[in-house]
Amino acid sequence: MSIGIMNGNTYGSYIISASLTPAATATVTAVEQTFTVNGLRVGDAVNVCPPSTTTGVALVCARVSAANTLALTFMNPTAGSLTAAAGTYTITVSRPERQVAATSIGD
């Protein structure tokens, strides 16, 4: 297994509020949608809280896919198309001090 190891220090932690409007998620799919969120950098770790829940739609992954770009994956296991809540999403950002190359570790 290969993992990226951080130096152990966090350069900073930030909270960003962003107004996001997700698109519909088709039936029985998991789809990544991207949103412009200024201030994000590749390598940031993010935790995202939506403004409310939508029955049948789950936010299953959040990552920074490019500078200023938040990628959220929504999953819809139901029999119909559903749309996650629009509104102000709270994004907690942890920015590592630095990252070193991936390291192989044993099982």
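The values are calculated or read from the model by the stated rules, or taken from the named source; none is laboratory data. All values derive from a computational prediction rather than experimental measurement. Reconstructed Cβ throughout: ideal geometry from the backbone, glycine too, with neighbour counts over all protein chains shown.
Before moving on, here are some points about what is shown:
- Qualifying residue in segment 40-53 (condition: at pLDDT below 95 and under 24 Å from ALA79 (Cβ atoms)): yes
- Total residues in segment 11-37, condition loosely packed, with under 15 Cβ neighbours inside 10 Å, over 14 Å from the mean Cα position of the chain (by Cα) and either among the β-branched types (Val, Ile, Thr) or not in a strand (DSSP E or B) (or both): 6
- For segment 38-65, filtered to residues that are in a strand (DSSP E or B) and of a type in the set (Gly, Ala, Ser), the residue that is nearest to ALA86 (Cα to Cα) is ALA58.
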